[in-house]
Amino acid sequence: MPLTSAQTALIDKHLRSDNWLQDKALIAELTDHYQEAISSYMAQGKPFDEALRLVHTDFGGRKGLLVMEENFVRNQQKDTVRLLKEGLLNYFRWPRMAFTLAVVALVVYLSVSDVAPLFVEYAPHFFAVAATGHFLAILLEQGYRYWKKQPTFLTTYNYGPLQFGYGLIIWLVIWPHFFINKTSAPVIHVALAVLIVLVVIFHEASVIFYLKIAKQRAARLRTRQSKA
């Protein structure tokens with residue numbers, strides 16, 4: 001038995017206001033489950049309000065729904081990390097392995113060529129600033145869309161892993177200045193410069209891979225919500 005738009009709106013209010021759920025993706029999934037279960041109860045002759053209470057009980061009440069949201073967010077965070085790793089590992093499989101080898105060869109060559117002093121001095125900072133700028137651009141763009149009440153793909157479960165990755169890049173650039181003397185450890189500085197540049201390049205590649213999937217998922221979620 002199909003539900004009316006008013007009944008669907010009541011389900012949304014029930015999940016958001018009455019049970020304090022906040023995650024949009026989970027609410028969209030639960031709305032689908034609620035609609036199916038309520039329709040099943042109504043087909044048995046029960047009124048909408050009673051069917052809603054029964055489904056709420058089936059999900060464990062407010063406590064059960066909040067625990068479900070907590071687990072859902074945790075799993076989504078793990079999924080974000082998994083996708084970032086998958087994006088990185090793609091560059092260590094053929095055919096993208098060819099790109100990886102070319103990048104590594106170029107970076108190593110620059111670190112031992114005539115421009116090595118400039119490379120070691122400036123390249124790590126340039127790449128770290130570029131990566132941080134990319135992250136800030138994402139935050140600004142998503143913040144603007146949120147302010148305009150437009151759909152966003154940056155959520156509580158993917159912001160943390162993304163922030164950690166960019167924080168790691170900044171840490172890699174800063175910490176050698178406190179612990180390594182440039183005049184006494186030139187070889188170490190060359191190795192660090194190569195490491196930082198490669199980390200930034202492949203980190204950005206994995207982030208771009210993840211953002212592509214995140215945008216696709218956000219688009220599918222908007223489609224489901226518009227059909228509801």
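None of the figures in this text is laboratory data; all of them are computed from the coordinates on show. Small disclaimer: the values here were computed from a predicted structure and weren't measured. A quick note on method: Cβ atoms are made from the backbone with ideal geometry, for glycine too, and the neighbour counts reach across all protein chains shown.
If you average the sequence gap of Cα pairs under 8 Å that are 6 or more apart and divide by the length of the chain, what percent do you get for the contact order? Spell out each step's value before the answer.
On the way: 147 pairs, mean separation 59.6, N = 228.
Over the chain, the number comes to 26 percent.
Can you run phi through the Karplus equation (6.51, -1.76, 1.60; θ = phi - 60°) for segment 99-115 and list ³J(HN,Hα) in whole Hz, with x for Gly and Pro?
Coupling constants for segment 99-115: 4, 4, 4, 5, 5, 4, 4, 5, 5, 5, 4, 4, 6, 10, 8, 5, 8 Hz.
Residue by residue through segment 13-26, which ³J(HN,Hα) values in whole Hz follow from phi under the Karplus form 6.51 cos²θ - 1.76 cosθ + 1.60 (θ = phi - 60°), with glycine and proline marked x?
5, 4, 6, 7, 7, 6, 10, 6, 6, 10, 6, 5, 5, 5
Can you pick out the pairs among Lys149/Lys215; Lys85/Lys212; Lys13/Lys46; Lys24/Lys149 whose Cα atoms lie more than 18 Å from each other?
Those over the limit are Lys13/Lys46.
Give me Phe164, Phe48 sorted ascending by neighbouring Cβ count inside 10 Å, so fewest comes first. Let's see the in-between values first.
Numbers: Phe164 11, Phe48 18.
If I rank by nearby Cβ atoms, fewest first, I get Phe164, Phe48.
List the trypsin sites (Lys or Arg not before Pro) within segment 79-187 that fall in a DSSP loop (any state other than H, G, I, E or B) and whose Cβ has at most 16 other Cβ atoms within 10 Å.
Arg93, Arg96, Lys148, Lys149, Lys182
What is the calculated FRET efficiency for Thr57 to Leu140, with r their C-beta to C-beta distance and R₀ = 35 Å, to the nearest 0.05? Each step should come with its number before you reach the end.
Details: r = 44 Å, r/R0 = 1.26.
Step by step, r from the Cβ atoms, then E = 0.20.
Using alpha-carbon pairs under 8 Å, 6+ residues apart, how would you state the relative contact order of segment 5-59 in percent?
Normalised by residue count, the contact order of segment 5-59 is 30 percent.
Using a 10 Å cut-off around each Cβ, can you sort Tyr144, Tyr91 from fewest to most neighbouring Cβ atoms?
Ascending number of Cβ neighbours within 10 Å: Tyr144, Tyr91.
With r as the distance between the Cβ atoms of Val112 and Trp147 and R0 = 35 Å, compute the FRET efficiency 1/(1 + (r/R0)^6) and round to 0.05.
0.15
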